[in-house]
1. Relative to the Cα centre, what is the charge dipole magnitude of the chain, using +1 at the beta carbon of each Lys and Arg, -1 at the beta carbon of each Asp and Glu, and rounding to the nearest 20 debye?
2. If one takes the longest principal axis of the Cα atoms in the chain, at what angle in degrees, from 0 to 90 and to the nearest 10, does the Cα axis of helix 202-212 lie?
3. Please sort 299-309, 260-270, 378-388 by packing, taking for each peptide the average over its residues of neighbouring beta carbons within 10 angstrom, highest first.
4. What cysteines in the chain have no other cysteine with a beta carbon less than 4.7 Å from their beta carbon?
5. Hey, what angle do you get for helix 560-569 against the long axis of the chain, alpha-carbon based, 0 to 90 degrees rounded to 10?
6. What number, in percent, do you get for the relative contact order of the chain if the mean sequence gap of Cα pairs under 8 Å and at least 6 apart is divided by its residue count?
7. Which pairs break 28 Å Cα to Cα here: K564/K594; K164/K192; K164/K578; K106/K192; K164/K500; K497/K564?
8. What percent do you get for the relative contact order of segment 342-424 when only Cα pairs under 8 Å and 6+ apart count?
Amino acid sequence: MRAGPQGPSDDFLRTSFPKVSKMKRDPAAVSPINGPSSGTDRKPERILRSTRWFAPEDKNGFIHRSWMRGYPEHAFDGRPVIGVCNTWSELTPCNAHFRELAERVKRGVWEAGGFPVEFPVMSLGESNLRPTAMLFRNLVSMDVEESIRANPLDGVVLLTGCDKTVPALIMGAASCDLPTIVLSGGPMLNGKFHGQNIGSGTDVWRFNEEVRAGRMNLSTFHEAEVCMSRSAGHCMSMGTASSLACMVEAIGLGLPGNAAIPAPDSRRLTMAHMVGRRIVGMVHEDLRLSKILTREAFENAIRVNGAIGGSTNVVIHSLAIAGRIGVDLCLDDWDRLGRNVRTLIDLMPSGRFLMEDFYHAGGLPAILRMLGENGLLHRDAITVSGQSIWENSKDAPNWNPEVIRPFDRPLVDDGGIAVVRGNLAPNGAVLKPSAASLHLMRHRGRAVTFESIEDYHQRIDNPDLDVDENCILVLKNCGPCGYPGMAEVGNMGLPPKLLKQGVTDMVRISDARMSGTAYGTVILHVSPEAAVGGPLAVVRDGDTVELDIPARKLHLDVSEAELKARLGEWAKPAPAMKGGYQSLYVERVMQADKGADFDFLVGCRGAAVPRESH
Ligand code: FES
């Protein structure tokens, strides 16, 4: 692989994938209702799924072809039909450029001898959706799964960008298991404010604390607002969207370099074109999701998340995706595999730089190469390129050792997600060490509790709140059932009276999630959550809580008998909403340590052709 002038090697953008031969329309395709079509008895090379719609020379074939007559005859000649699953929406500004990306994908599909058909699914815009986009991740996954299975598709391109669009689309596709490739939308350009880079989310949290501490006025705050999001694209710090884009590449679902090309960069369009070409080849090779999403691939993704200082949200989403494809992944795998993984990039929120800098420094292939050289990568894991992850990355350059640190000069020595357990989190909770404060990694403190996020908002600014910098803030009822949807509120802002004293971090514990752009010594995803009667529900003001990250311990310092008695008195809170999707969600969502998927969606149901509708 030859190095390009900047960014990762761009050779993958010039790759000519093996020439693909067209499948012939299968004249022997069976109409489930009318039986075998009349015609010759010629045997096809391999019967494509779509031929069950478009090949029969009968009434049903007539219907399937006739209603799509905007396309030329050769669209129905047996070539692979490729679904382009689009999450474009004006309410999802991170995905605002997806119409053009979809067009570029379709060019590539036609060029490689396929027939592209674009279809929409519900989009999830993290910045607008209430109560939280996470509430709808499983709903969208159902939309994707059923859209794929019900339609004449042989392969799928997933257009993903804003946070939840990534896991939702992969989860749905995984339950079908067709050849599938992911095209990430790419990060937006670096934010620029007063001559400095500012990062999505990360600097919002920072500026907000400055305002609450009285060190920034509202006029400056509003000035920053128009300087942060300079283009389409997802958040450009190493937040959840960037972490998930890296997961996509690390797990083998994206072409090399897919994670970091900025959204407005012309190479993102080229990438889209190449994705379109490649998916046609994947259909011919029958390179399905289940051949790529192996246990080894998930293990690679876990280690990469540590190496990039990635989001805690990747933990939940990876568990949900693994559950769909049938890989037995658990929370402890994250702790075991993430231990001693060095954080090798200096990106916000753990460090200084942003995704645009990461791309120009070499992008994810440079990280994969370093992990591969140091025994931290399953080199043979196959990827959508048709090559192993090691073949994709073994010659990847690093153009900027400040942004992508050399292996022996990491940003953080032990950057993998830490999983803590104890009587306060029997089924586990997580912390992102690279974004936490070293002096709080072992800490005992007095609990200051909040029964809900509204309770927190009502009292946190009160100067009479009995809290000091050694206290531990405990937030309840923000988990999957409690919120519902498990909102990103775990990184509670600190009390203004402490901010004014210069306090910058405190231990915070909750059953919520936090934005991947956020930082602090924040224990998240406590399982079981308070709203289903987890021990978090019965923590009281004044209790002592002990956190010991090196020992992976989270302990409520009350006797076993006392804890049992408190849990015996606990009463389940009334549901926030009766009926509708939210009721289904609360009834069937699993806890965070299981990926917060619906229990009835776990597993791969395949893509057998459904019965005829006519
Ligand atoms: Fe869309 Fe951050 S708001 S990725």
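Read-outs: derived from the displayed coordinates by stated rules, not from any lab. This is a predicted model, so every value here is computed, not measured. Here the Cβ is made from the backbone with ideal geometry for all residues, glycine too, and neighbour counts use every protein chain on show.
1. Dipole magnitude for the chain comes out near 1480 debye.
2. 30
3. On the way: 299-309: 26.9, 260-270: 21.3, 378-388: 18.9.
Ranked from most to least packed, the peptides come out as 299-309, 260-270, 378-388.
4. When partners are defined as cysteine Cβ atoms under 4.7 Å apart, the chain leaves C85, C176, C227, C235, C246, C330, C471, C478, C481, C604 without one.
5. 70
6. 15
7. K106/K192; K164/K500; K497/K564
8. Values: 104 pairs, mean separation 37.3, N = 83.
Relative CO of segment 342-424 lands at 45 percent.
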